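> Can you read through this structure? Questions will come right after.
Values quoted throughout were computed directly from the atomic coordinates according to the rules given, and no laboratory measurement underlies them. Nothing here was measured: the structure is a model prediction, and the numbers come from that model. Ideal geometry is used to build each Cβ from the backbone, glycine not excepted, and the neighbour counts take in all protein chains shown.
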Amino acid sequence: MSTLKSKLFDICLTHVNKRISSYKDEIETIKESIDSNDKSTDEDDDSGNGKLMNDLEKNAQYLSDAHKMLDIIKLINPKTTHQNVVLGSLVKTSSANFYIAVSIGKVDVDDEPYFIISKSSPIGQLLLNKVVGDEIAFNENRYKILDIK
């Protein structure tokens, strides 16, 4: 089972690192565009820089958010197990499997669907600190916790 948690952990790490890399690349591209626009002497072309600056700010925020996700992932040790649901728990319920980490969504591992969710997500909040046998209700669905790794 720990290998499954390791696989889910690696999926999170890969996903966030790809996002960080992508945002860094995008920021570099925008900066290059701004630099080449600044070299232009046409006074009427200033609106392009305004949009680029806006895109730069947005990507800087996305990059910051991705770094925060990475910081959360670094708090997880995929080799540890807990009696109750915490960050890094793999939770098997009667109707779905959840990995508490960062918000990524549905992934398939070994032909099984898993929902990688943040502990601050609505369902993550409901699952937090629950133990095997507990039930939660979310969006008119009931989830009975069958196993926590």
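> Could you pull out the GluC sites (Glu not before Pro) across the range 45-149 that fall in loop regions by DSSP (anything but H, G, I, E, B) with no more than 10 other Cβ atoms inside 10 Å?
Glu140
> Shifting gears a bit: Please quote Rg/Rh for the range 90-148 to two decimal places, taking the Kirkwood radius as Rh and restricting both calculations to Cα atoms.
0.93
> Follow-up question, since we're still on this one. With only Lys, Arg, Asp and Glu charged, each at its Cβ (+1 for the first two, -1 for the last two), find how big the charge dipole of the range 90-148 is about the Cα centre; round to the nearest 20 debye.
260 debye
> About the Cα centre of the chain, how large is the charge dipole given +1 on each Lys and Arg Cβ and -1 on each Asp and Glu Cβ? Please answer in debye to the nearest 20.
1380 debye
> When a/c is below 1.5 the answer is rounded, else prolate if a/b is larger than b/c, else oblate, so apply that to the range 2-74 with a ≥ b ≥ c taken from the square roots of the Cα gyration tensor eigenvalues.
The shape class here is prolate.
> Would you mind calculating the gained length between Leu75 and Met53 on full extension (0.36 nm times residue separation, minus the Cα-Cα distance), in nm to one decimal?
Stretched out fully, the Leu75 to Met53 stretch lengthens by 4.6 nm.
> Sequence gap of 8 or more, or different chains, plus Cα separation below 22 Å: how many lysine pairs satisfy both in the range 2-74?
Step by step, the pairs that qualify in the range 2-74 add up to 19.
> Let me ask something else. Rounded to whole Å and sorted largest first, list the principal axis extents of the Cα atoms in the chain.
Principal-axis extents of the chain (Cα, largest first): 69, 32, 26 Å.
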